[in-house]
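Report on the following structure.
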Amino acid sequence: METPLFTMRYGIPLPPQGATAQREGCKQAEQALWRAYHETEKILASLPSSILIVNGEHQIIYANAVASHHFGFENCPLVGHSLFEVLPIPPDQWNRLTVDVPSSGSPAGHPLHDGEFETHKRVYQYRLFPVALYGADEAQTGLVISDITEQKQLQDQLIQAEKLSSIGTLVSGMAHEINNPMYGILAMAEIILEETDPEKIKEYAHDIVEYSKHVAAVVRSFACYARPASGDQKMEIDLNERLIEALKMVARNPQFGDIKVVKDFAALPPLWVRRSEIDQVFVNLISNAAQAMAGHGCLTLTTRLDTDRIAASVSDTGSGIPKANLTRIFDPFFTTKDPGVGTGLGLSIVFKIVSKYEGTVSVDSEEGKGATFTVHLPVMKLGRKEAHDGVP
């Protein structure tokens, strides 16, 4: 006779016959259930991640011991508190995240949503999934919350390392941009030393001021790009403006050569992002396009509005990407460049930054005809700023 799984695991016998035997069987079943309960609690308490279950009224109905420790509730129960007292997630954002929870409460094969938030100087990643509890009239939502502070720091260091590696390419262009006005400043200063006409001295001094402003603007744009993104604050940005600034930085390099630039920009609503991160995305894509054309060809920058998402494309007429490489180009350390040229991290970091803002990046290429990289990012709507504040 086959023994039921629950009987094998917890030692609950098959229902006995007779009143005395039934009472003994119920007692054994109750003991087995308590063992199962305590074993489950021990397992959940030993997990390194916080686990919460939230009902339809946003009330926490279950929290493991790690969750109480993570969120500073060691001395009082976390159960019964509103989710919004614990997590820095605005109610409207939570409602958007959980709108796909099945009304039946049937488990999903994959988490409904991944995201990050920062609190008490720690960075946490959360994963949402539907929970079907016995006897519940509606589906609850489960969260698995993991502390990824150290992992995030390592990722930031990798991003900064890749950024610094590209600075070497940009420096020669910056030096050229600074040298020309510096020669002008020197020439004007030498003329002023011998000039006696006050009007001409004033004119030359004005030229020096203009040259100096140009130098300051070049240095400022370079410094903004070079600084770590972790020290940058999110703000409203105009993507068209950032594309133009990214193009200026890359075009300063003499290797940009005679590349023709075509800009096809649409009127766009703002994005709510870190400017230095978006600059890094498009400096990387434009640099790759320029390198693929080796100083000759056509670079096309296009923006458009697709419903609630902004699309920005960087197209080149270079050598294109072999079909066999298209599925690997966003992998860390994958590169088709010669040894010592680049780190192989550029496109993987582009992918990581864009994904962090709930965006996507795709590539369309035909070998020998060029490539087009397209970035989609969500626009900043009313209330979107608060929702995006949860993105580190």
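Table for the structure above
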| read-out | value |
| --- | --- |
| Single match in L285, L299, L268 (criterion: on the phi < 0 side of the Ramachandran plot and part of a loop (DSSP other than H, G, I, E, B)) | L268 |
| Which listed residue, of A187, A217, is closer than 28 Å to P254 by Cα, surrounded by fewer than 15 Cβ atoms within 10 Å (Cβ to Cβ) and modelled with pLDDT under 75 | A217 |
| Residue count for the range 370-392, restricted to those that are in a loop (DSSP other than H, G, I, E, B) and either within 19 Å of V281 (Cα to Cα) or modelled with pLDDT of 90 or more (or both) | 4 |
| Single residue of the range 247-265 satisfying the filter (assigned to a loop (DSSP other than H, G, I, E, B) and in contact with a strand residue (DSSP E or B) (Cβ under 9 Å, 6 or more places away or on another chain)) that is surrounded by the most Cβ atoms within 10 Å (Cβ to Cβ) | I259 |
| Search result, residues across the range 190-214 that are β-branched (V, I, T), free of Cβ contacts under 8 Å to residues at least 12 places away in the same chain and more than 27 Å from R252 (Cβ to Cβ) | T196, I201 |
| Pairs with Cβ under 9 Å, 6+ apart, first in the range 20-42 and closer than 29 Å to A63 by Cα, second at pLDDT 75 or above | E41/N64; E41/A65 |
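Let's see how each residue does on (1) at pLDDT 70 or above; (2) more than 17 Å from Q59 (Cβ to Cβ); (3) out of contact with any helix residue (DSSP H, G or I) (no Cβ under 9 Å at 6 or more places or on another chain); (4) not basic (K, R):
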{"position": "D100", "(1), (2), (3), (4)": "no, yes, yes, yes"}
{"position": "S104", "(1), (2), (3), (4)": "no, yes, yes, yes"}
{"position": "F117", "(1), (2), (3), (4)": "no, yes, yes, yes"}
{"position": "R127", "(1), (2), (3), (4)": "yes, yes, yes, no"}
{"position": "G142", "(1), (2), (3), (4)": "yes, no, yes, yes"}
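The values are calculated or read from the model by the stated rules, or taken from the named source; none is laboratory data. The structure presented is a predicted model; accordingly, all values stated were derived computationally and were not measured. Please note: Cβ atoms are built from the backbone with ideal geometry, for glycine as well, and neighbour counts cover all protein chains shown.
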